[in-house]
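Beneath this line is the structure, given in structure tokens, with notes to follow.
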Amino acid sequence: MQLIIKESARELFREAGEHFARAVLESIGPVFSAALSGGSTARDLLKTMRTDPLASRIPWSNLDLWWVDERCVPFESPHSNFGNARKDLLDHLPLSAGQLHPMPAQQEPRQGAMDYEHEMISAFGLRDGQLPVFDLIFLGIGPDGHVASLFPGSAALDERKKLVTAVKGGDPNVYRLTLTLPVLNQARLVLFVVSGAKKAETLRSVFSSAGGDALPAARINPVHGRVTWIVDRDAASLLPAQP
Ligand code: 6PG
């Protein structure tokens, strides 16, 4: 696990974008599969990636973009992760529709989860019981320690068979589709990006044994991959002094 602390939010997003770019540039496969979170941290990261030097460094044509979770609202809604990603980055890039895999948020949630799972099985060529391996999964963390739309105490945290499941909760408190922990923990690289003092107590809990598995973020332990935490000084303010 790597922890990188940046002095400011601006430096944080530049660093996170650089890690994203480097992961794409260093990947050897023909397609780089990434899964994006939503929320304000994601929005700031994607806006940073829209501008140079990052925008021209990333070979966008190699990317397949998936979503970690999605609120079951219209894409035009200000709460839509895909709708916001389009505004913040995707509509500014030469991406083909086939490179984008938004979650089917307009369907009945359980059906939407099944349909996204089938799309993933087809795209990754999965056999029964196989899990998709994303090259990079970008995660934010909620003040309650949630990741994706896996909230503390949710039964979805114990889902071991489904790749995608439907939950209700969060802010806004709506139905959501979310990747499950088995999928998140198959990633080659999990990139946590955390900004702001309101996340300091959460980070302290996640990084201390006291946090234990109660916090969903503490359950992110890639089976074969690695985790990089990129946090700003405010979010890291309660962490023990780093060597
Ligand atoms: C969502 C996100 C969620 C987000 C965290 C952090 O759809 O809500 O995927 O997991 O990453 O809640 O959100 P902020 O960056 O807004 O604090």
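Hey, what number do you get for the chain at 222 nm if only DSSP H runs of n ≥ 4 count, each worth -39500 (n - 2.57), divided across all residues, to the nearest 500?
My calculation for the chain gives -8000 deg cm²/dmol from helical runs alone.
Give me the distance between the Cα centres of the range 84-138 and the range 1-60, rounded to whole Å.
When both Cα centres are located, 19 Å separates them.
At q = 0.10 Å⁻¹, what log₁₀ I(q)/I(0) does the range 1-121 have when each alpha carbon counts as one equal point scatterer in the Debye sum?
Summing over Cα pairs of the range 1-121 leads to -0.32.
Figure the gain on full extension for ASP171 and ARG22 (residue separation times 0.36 nm, minus the Cα-Cα span) and round it to one decimal in nm.
Contour length minus Cα-Cα distance gives 50.4 nm.
Give the order of MET103, MET49 when sorted by the count of other beta carbons within 10 angstrom, beginning with the fewest.
If I rank by nearby Cβ atoms, fewest first, I get MET49, MET103.
When DSSP assigns beta bridges and you keep just the ones with both residues in the chain, what percent turn out antiparallel, to the nearest 5?
Percentage antiparallel, nearest 5: 30.
Please state, as a whole number in µm²/s, the translational diffusion coefficient that the Stokes-Einstein equation yields for the range 9-72 at 20 °C and 1.002 mPa s, with Rh defined as the Kirkwood radius across alpha carbon pairs.
My calculation gives 174 µm²/s for D.
Starting with the fewest neighbours, write out ARG226, ARG176, ARG71, ARG188 ranked by other beta-carbon atoms found within 10 Å of each beta-carbon.
Listed from fewest to most nearby Cβ atoms, that is ARG226, ARG188, ARG71, ARG176.
Would you compute, for the Cα atoms of the chain, the largest minus smallest coordinate along each principal axis and list the three values in descending order, in whole Å?
Computed over the Cα atoms, the extents are 46, 42, 35 Å.
State which helices in the chain qualify, where a helix is a whole DSSP H run, it must extend 20 Å or more along its own axis by its Cα atoms, and its mean Kyte-Doolittle hydropathy must be at least -0.5.
Passing helices, by number: 9-26.
Counting only residues 5 or more places away or on other chains, whose amide H sits under 5 Å from the amide H of ILE137 once H atoms are built in the peptide plane?
Those lying under 5 Å, H to H, from ILE137 are ALA35, LEU189, VAL190, LEU191.
Hey, fewest Cβ within 10 Å first, where do SER77, SER40 land in order?
With the sparsest Cβ surroundings first, the list reads SER40, SER77.
Using only the Cα atoms of the range 156-240, what do you get for the radius of gyration and for Dmax, in Å?
When restricted to the Cα atoms of the range 156-240, Rg and Dmax are 13.9, 38 Å.
For the range 64-120, with only Lys/Arg (+1) and Asp/Glu (-1) charged at the beta-carbon, what is the dipole magnitude about the Cα centre, in debye rounded to 20?
The dipole magnitude comes to about 160 debye.
Given 0.36 nm per residue, what is the gain on full extension from ALA123 to SER77 after removing their alpha carbon distance, in nm?
Gain in length upon complete extension: 13.8 nm.
Rule-based calculations on the coordinates, nothing more; no lab input. This structure is a prediction, so every number in the text was calculated from the model and none was measured. Methodologically, a virtual Cβ is constructed for each residue, glycine included, from the backbone with ideal geometry; neighbour enumeration extends over all protein chains shown.
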